Amino acid sequence: MTLTSLFLKSLLAAATALLVHVPAVSATLDVGGVKVEDTLSIYNNTLLLNGAGLVSNGKVPSYVVQIYAKQKFKTLDELFAVPGPKRLVLTAVKEVDTGPIVKMFNRSVDETAGKSDRAKLIPGLMSIGDIFKANRLLKPGEVMTLDWVPISGLVIYLGGKLQGQPYREAEFFKAGMGVWMGDFPADAKVKDALLGHM
C-alpha cells in the first residue's frame, strides 16, 4: 500500500468517525419572525411538527401557532387518535389580547361536550377562565403551550410556568384544538397550515 493510499484511507476513516459522532440537527422554519422547530422532545417522546401558521388581526400579525404530535395527521379526529402527548404552541408576535381566545375556547367546549357533560366541566372552565383573566395580555415573544399528556390531561404553560392544574377531561384539550382547527377556527388559512393542507 502506497503512502498516498494509506493517507486517504486514514482520512476517510476520520471523516466517517466524525459523521458518526455528529448529532442530528433539526430544521428550523421562520414563521412571522418566530423560529419553529420541526421536532421537539417532551415527556420522553419526540414529536413532529404537523404545521404552523401566523394568525393576524386584520392585516397586523398577531401570533404564531404550531402543533406537534408523534405522527402526522390531516384532521382533528386523526390528531385525537394519535397516541402519546401532543403540544400546541402559541407565540405572541405583538401584544395579544387573550379574551377572544377564551371566548372561542368556551364556544368550542359547547360544541364538543354534550349538555350532560357540560355540568362536570364547569369547575375546569372557571379555572381556565381565571388563568386567562390573570394573563389578559401576552407580550411580544411570550409563549403559551397547551399540552395533552395521557396520564395527566390538558396542561397549560405560560412563559414555561405551569398555570393552574392538569385538566383530566379530554373535552378541554379537544376544545383547545378546536379554537384553531375546528369548524369555526380563529383563521381558516392557519387551520389548513396546522392540518398540513398547505
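The values are calculated or read from the model by the stated rules, or taken from the named source; none is laboratory data. Computed from a predicted structure; not experimentally measured. FYI the Cβ positions are ideal-geometry reconstructions off the backbone, even for glycines, and counts take in every protein chain you see.
Here's the yes/no breakdown for (1) closer than 23 Å to E78 by Cβ; (2) surrounded by 15 or more Cβ atoms within 10 Å (Cβ to Cβ); (3) touching a strand residue (DSSP E or B) at 6+ places or on another chain (Cβ under 8 Å):
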{"residue": "V109", "(1), (2), (3)": "yes, yes, no"}
{"residue": "P123", "(1), (2), (3)": "no, no, no"}
{"residue": "N135", "(1), (2), (3)": "no, yes, yes"}
{"residue": "W148", "(1), (2), (3)": "yes, yes, yes"}
{"residue": "L158", "(1), (2), (3)": "no, yes, yes"}
{"residue": "Q163", "(1), (2), (3)": "no, yes, yes"}
{"residue": "G178", "(1), (2), (3)": "yes, yes, no"}
{"residue": "M181", "(1), (2), (3)": "yes, yes, yes"}
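In the range 148-168, is there at least one residue being β-branched (V, I, T), touching a residue at least 40 places away in the same chain (Cβ under 8 Å) and outside any strand (DSSP E or B)?
Step one: of the range 148-168, the residues β-branched (V, I, T) are 149, 151, 155-156.
Right, trim to touching a residue at least 40 places away in the same chain (Cβ under 8 Å) and you get 149.
Imposing the further condition that a residue be outside any strand (DSSP E or B) reduces the set to none.
Looking through the range 148-168, none of the residues is β-branched (V, I, T), touching a residue at least 40 places away in the same chain (Cβ under 8 Å) and outside any strand (DSSP E or B).
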I'm told P83 meets every condition in (1) modelled with pLDDT of 95 or more; (2) under 30 Å from S127 (Cβ atoms); (3) surrounded by 12 or more Cβ atoms within 10 Å (Cβ to Cβ) except one. Can you identify the failing condition by its number? (3)
Within the range 82-129, track down each residue that is over 12 Å from G176 (Cα atoms), free of Cβ contacts under 8 Å to residues at least 24 places away in the same chain and among the basic types (K, R). K115, R118
Of everything in the range 165-174, what is within 27 Å of L29 (Cβ to Cβ) and either touching a Phe, Trp or Tyr at 6+ places or on another chain (Cβ under 6 Å) or surrounded by fewer than 15 Cβ atoms within 10 Å (Cβ to Cβ) (or both)? Give them in sequence order. F173
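Residues that are hydrophobic (A, V, I, L, M, F, W, C): which strands (runs of 3 or more DSSP E) entirely in the range 32-146 hold 3 or more of them?
Filter on the range 32-146 gives 45-57, 60-69, 86-92.
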